[in-house]
Amino acid sequence: MAPAPDFGLFIEGKWVTPPNATRFTTSNPANGQVLASFVAATPREVDAAVRAAETAFPKWRSLPAPQRGEVLLRASALFRERKERIARVVTQEMGKVIAEGRGDVQEAIDFLEYMAGEGRRMFGETVPSELRSKFCLTVRQPKGVVACITPWNFPTAIPNWKIAAALVCGNTVVFKPASSTSLCAVEVVKVYEDAGLPPGVLNLVTGAGSAVGNALIDDPRVRAVSFTGGVETGRGVYLRGAQSLKAVHLELGGKNPMIVLDDANLPLALDGLLFGAFGTSGQRCTATSRLILHEKVYDTFLGMLDRAVAKLKVGDPLDPSTDIGPVASADQEKKILRYIEVGKAEAKLRTGGEKLTGGAYDAGFFIAPTVFETRHGTRISKEEIFGPVLSVIRVRDYDEAVRVANDVDYGLSSSIYTSDVNLAFRAMQDLECGITYVNAPTIGAEVQLPFGGIKSTGTGGREAGSVAIEEFTEIKTVFVDFSNRLQKAQIDAPVGE
Ligand code: UN1
């Protein structure tokens with residue numbers, strides 16, 4: 001096997017390794033194989049990266065937005081060319097099954113193409129003036145240097161959601177990826193480098209959140225921070241950013257419910273549940289972690305679920321016949337197994353509930369798909385686990401289902417399976433969250449629509465969709481008076497007098 005390659009930081013268009021740098025490695029969660037080594041950046045390198053981004057900003061912002069969009073189009077073409085190779089890197093470094101690894105890269109491609117077009121939109125408004133010979137409009141301007149801090153669960157898609165939107169709006173970026181998926185981050189940055197992005201416009205600093213992330217958030221030259229990750233880390237980012245009054249965009253956890261009513265198409269709901277709960281080993285912010293099940297179909301549907309879960313194949317994520325890969329890291333495994341113990345103490349374990357061992361399992365972090373029956377209010381029914389663990393809650397009717405669905409701290413995604421069109425529309429109104437699916441699982445958002453949630457899921461605002469640019473632009477209001485005399489708003493022509 002080839003030795004694991006070493007990578008540097010990407011600052012001012014060059015790959016650099018500082019003298020005496022400390023290094024860390026990433027490894028394959030399916031078999032422990034070390035993949036590559038990276039520089040653990042220090043505040044000194046963060047400073048250099050921010051300086052590079054600040055220096056590159058005036059020129060990049062002055063490039064017409066459609067031309068900035070062109071760079072994104074070139075990047076999307078390169079991702080297309082490299083899709084299979086990068087998908088394998090995603091699978092090897094993060095553990096999602098290869099079909100989902102491809103999906104991760106495809107989501108990056110889709111978003112780059114969508115955002116490239118934004119270079120030709122980036123709409124402002126024109127609004128009538130209350131005075132004659134006066135024109136009022138808004139234009140969008142970039143914020144400046146922005147920090148993009150990204151998670152390991154979508155190691156190519158989520159960085160691109162942030163980076164592509166930031167760049168097309170004319171910002172320059174310092175990118176700090178989750179340490180455990182640094183190789184995916186290197187692949188992302190190489191694409192932008194090869195797409196011809198000018199030096200300093202995108203910079204990569206790898207390393208720990210405590211050193212690199214904090215230095216970035218504290219830096220007064222960084223005008224905005226876009227963070228996706230866990231709720232506790234997010235709270236820290238928010239508080240830290242407040243010190244320098246930064247715009248902080250947070251995309252945090254979820255405890256996403258799927259409601260299955262008694263008139264649902266049960267085989268359809270079952271397919272959706274398996275994908276929503278166990279896809280990506282349950283490690284999506286949008287994962288279906290609660291099944292809220294109508295009492296009339298409770299036993300039937302759980303019987304169907306038992307039989308289907310028993311057939312799921314857990315194993316090598318590169319093998320196309322595998323349904324569930326490993327969880328992403330030793331830390332993840334520990335946290336999920338701890339929650340499984342909590343579940344065993346407070347709820348009824350229906351299936352799974354253990355680390356898989358023996359043979360190839362011993363070298364990786366494999367957890368059996370796990371289903372608990374619980375009442376609403378237990379810890380496993382309310383806290384985000386971020387693993388292949390489903391809590392099933394029995395309810396009497398639609399109203400109780402919605403009450404339970406909404407009674408958690410999070411509000412990202414939700415789903416309802418029913419054939420009653422009235423109840424489907426009521427659910428679209430009643431479910432407190434950013435995303436609702438009807439007769440589809442809680443995962444699978446498309447990039448041309450807004451993505452995000454309410455309550456502890458975030459600070460408001462959305463990524464993706466046409467609103468993606470809100471996060472990365474400031475609105476400037478412009479008044480143009482062509483009357484050639486002083487006109488006083490509110491005084492010269494009071495409306496209604
Ligand atoms: C996430 O879970 O962090 O909707 C993002 C989905 C994906 C994105 C998920 N398109 O499941």
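The values are calculated or read from the model by the stated rules, or taken from the named source; none is laboratory data. Quick caveat: nothing in here was measured; it's all calculated off a predicted structure. We place every Cβ from the backbone using ideal geometry, glycine too, and count neighbours over all the protein chains shown.
Points to keep in mind about this one:
- Out of V186, V168, one residue alone is within 25 Å of G230 (Cα to Cα), in the same structural domain as W15 (by TED's automatic domain parsing) and β-branched (V, I, T). It is V186.
- Residue within the range 307-320 that is within 16 Å of the ligand (Cβ to nearest atom), under 22 Å from the mean Cα position of the chain (by Cα) and modelled with pLDDT of 95 or more present: no
A quick yes/no check of all residues on (1) hydroxyl-bearing (S, T, Y); (2) under 21 Å from E474 (Cα atoms); (3) not in a helix (DSSP H, G or I):
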residue: P220; (1), (2), (3): no, yes, yes
residue: G234; (1), (2), (3): no, no, no
residue: Y238; (1), (2), (3): yes, yes, no
residue: A242; (1), (2), (3): no, yes, no
residue: H249; (1), (2), (3): no, yes, yes
residue: G254; (1), (2), (3): no, no, yes
residue: P257; (1), (2), (3): no, no, yes
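- Residues located in the range 443-495, provided they are within 30 Å of T233 (Cβ to Cβ), of a type in the set (G, A, S) and in a loop (DSSP other than H, G, I, E, B): G444, A445, G452, G453, S456, G460, G461, A464, G465
- Subset of the range 114-153 (residues that are over 25 Å from R61 (Cα atoms) and in a loop (DSSP other than H, G, I, E, B)): P128, S129, E130, L131, R132, S133, P151, W152, N153
- If you go through the range 119-141 and pick out every residue that is more than 10 Å from F479 (Cα to Cα) and aromatic (F, W, Y), you end up with 1.
- When G377 is tested against (1) under 23 Å from D299 (Cβ atoms); (2) surrounded by 15 or more Cβ atoms within 10 Å (Cβ to Cβ), exactly one condition is not met: (2).
- Of the strands (runs of 3 or more DSSP E) lying entirely inside the range 1-109, those containing at least 1 residues that are surrounded by fewer than 19 Cβ atoms within 10 Å (Cβ to Cβ) and not assigned by TED's automatic domain parsing to the domain that holds P388 span 14-16, 23-27, 34-39.
- Condition met for A427 (hydrophobic (A, V, I, L, M, F, W, C), farther than 26 Å from R235 by Cβ, touching a helix residue (DSSP H, G or I) at 6+ places or on another chain (Cβ under 9 Å) and in a helix (DSSP H, G or I)): yes
- So E432, is it part of a loop (DSSP other than H, G, I, E, B), surrounded by 14 or more Cβ atoms within 10 Å (Cβ to Cβ) and in contact with a Gly (Cβ under 6 Å, 6 or more places away or on another chain): yes
- The range 352-373 residues that are in contact (Cβ under 8 Å) with a residue 40 or more places away in the chain and more than 16 Å from L291 (Cα to Cα), paired with ones that are outside any strand (DSSP E or B) and among the acidic types (D, E) (beta carbon under 8 Å, 6 or more apart): A360/D316; F365/E333; I367/E333; I367/E354; A368/E354
- Scan the range 154-185 for residues that are out of contact with any Lys or Arg (no Cβ under 8 Å at 6 or more places or on another chain) and in a helix (DSSP H, G or I) and the total you get is 17.
- Residue under evaluation A116, criteria (1) within 16 Å of the ligand (Cβ to nearest atom); (2) touching a Leu at 6+ places or on another chain (Cβ under 8 Å); (3) not hydroxyl-bearing (S, T, Y), criterion not met: (1)
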